[in-house]
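Here is the structure we will look at.
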Amino acid sequence: MDYVEHAPPDDLRRYVQCLWMLRDDAPDEAVQTIYPDGRCELLAELGVPLHFRGADGAVRADKALCFAGQQLGPIRLQAVGPVHCIGIRLQAACGGLVAGARLPELRDQAPDLHTLDTAFARAFHAAARASIDSASPEPLWALLRKRCSGFAPDPLVEDAAGMLDAADGDLRIADLAKRLGVALRTLQARFLECVGMTPKEYARVRRLQALLRTLDAERSAIADAAARHGYSDQAHATRDLQRWTGTTPARLVRALRGDAGGAEALRLAVAFVRGASCR
């Protein structure tokens, strides 16, 4: 499996977190799990579309071009042929760049990009192909520059997301609203509109990501790691991990620490947990 992330150019950093490419010409059929990270993504599957396996046992093929809204639980994907994916991970306050006012209703969904904006879907597909042909992300950066020129993120929501990121989610939302000088309801409404999840949900996701990083990088006990990241006790951390990742802390730790470069660790932690370290 080849995975690489490209940081955006300076003029796109306000809108885009990264552009990633994933390629595997001979993948196994193991189900891979992707965890929530508080970001929406544009996805182009240029190989054989992955199969999505729902919690209810239903299996469906992903769309070749889609917009992945905020996820509130684990996503389980299975390769059924050569994988060649390109993803553009948007900044937290920029989900509306593509979805517009529909963003909150797209939680736990990944609709065909054509249903949101047919012209942009065609342009995105052409730019993704051009990036592959040129071995450069520049065609996609050029497309995003045009798209971002007519989009203005909400500064209040940007500040709120930034503060939650800096605190790894360990910040009361009422205190956040006070720091920002706005009413709690105002913050909640504007955050949901721009991010696609509530501030509290976003905080829980960011705290989850911090806990995963700690469990991955250190040998500290689960209870100690949980306390460091603001969980009241290990049981609280266990409930959150099971809700957002679909597995237990013990299983995560075994996968992350048993063989950091092994296939099981990649299936459970995936490139999307370790990010650039999986290049």
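Values as computed for the structure displayed
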item	result
Criterion: in a helix (DSSP H, G or I), more than 22 Å from Leu97 (Cα to Cα) and of a type outside the set (A, V, I, L, M) - qualifying residue of Arg213, Arg206, Arg190, Arg219	Arg213
Search result, residues across region 65-74 that are without any contact (Cβ under 8 Å) to a residue 60 or more places away in the chain and more than 28 Å from Asp168 (Cα to Cα)	Cys66
Qualifying residue in region 240-258 (condition: surrounded by fewer than 18 Cβ atoms within 10 Å (Cβ to Cβ) and modelled with pLDDT of 80 or more)	no
Residue, farthest from the chain's Cα centre (by Cα), within region 155-206, restricted to residues that are within 18 Å of Gln17 (Cα to Cα) and of a type in the set (D, E, K, R)	Asp159
Any chance Glu138 is surrounded by fewer than 18 Cβ atoms within 10 Å (Cβ to Cβ) and within 19 Å of the chain's Cα centre (by Cα)	no
Residue in region 200-220 that is without any contact (Cβ under 8 Å) to a residue 60 or more places away in the chain, more than 22 Å from Arg107 (Cα to Cα) and among the hydroxyl-bearing types (Ser, Thr, Tyr) present	yes
Flag if Gly162 is within 14 Å of Ala203 (Cβ to Cβ), modelled with pLDDT under 95 and not basic (Lys, Arg)	no
Residue within region 33-49 that is in a strand (DSSP E or B) and either free of Cβ contacts under 8 Å to residues at least 40 places away in the same chain or in the same structural domain as Gly246 (by TED's automatic domain parsing) (or both) present	no
Those residues of region 78-113 which are in contact with a Lys or Arg (Cβ under 7 Å, 6 or more places away or on another chain) and assigned to a strand (DSSP E or B), in sequence order	Gln78, Val83, His84, Arg89, Leu90, Asp112
Residue within region 199-219 that is touching an Asp or Glu at 6+ places or on another chain (Cβ under 7 Å), at pLDDT below 75 and small (Gly, Ala, Ser) present	no
Where a residue in region 82-105 is under 17 Å from Tyr202 (Cβ atoms) and touching a residue at least 24 places away in the same chain (Cβ under 8 Å) and its partner, wherever it lies, is charged (D, E, K, R) and part of a loop (DSSP other than H, G, I, E, B), with Cβ under 7 Å and at least six apart	Arg89/Arg39; Leu90/Arg39; Gln91/Arg14; Ala92/Arg39; Ala93/Asp154
Boolean, Leu19 is crowded, with 18+ Cβ neighbours inside 10 Å and within 23 Å of Leu164 (Cβ to Cβ)	no
Residues satisfying the stated conditions in region 47-101, i.e. surrounded by fewer than 22 Cβ atoms within 10 Å (Cβ to Cβ) and of a type in the set (Phe, Trp, Tyr)	Phe52
Number of the condition not met by Leu187 [criteria: (1) without any contact (Cβ under 8 Å) to a residue 60 or more places away in the chain; (2) crowded, with 20+ Cβ neighbours inside 10 Å; (3) of a type in the set (A, V, I, L, M); (4) over 27 Å from Ser232 (Cα atoms)]	(4)
Failed condition for Arg60, given (1) in contact (Cβ under 8 Å) with a residue 24 or more places away in the chain; (2) of a type outside the set (Ser, Thr, Tyr); (3) not in a loop (DSSP other than H, G, I, E, B)	(1)
Residue list for region 146-177, restricted to those being surrounded by fewer than 13 Cβ atoms within 10 Å (Cβ to Cβ) and in a helix (DSSP H, G or I)	Lys146, Pro155, Ala166, Ala174, Asp175
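The values are calculated or read from the model by the stated rules, or taken from the named source; none is laboratory data. Given the structure is predicted, the values throughout are model-derived calculations rather than measurements. Cβ: placed from backbone, ideal geometry, glycine included. Neighbour counts: every protein chain shown.
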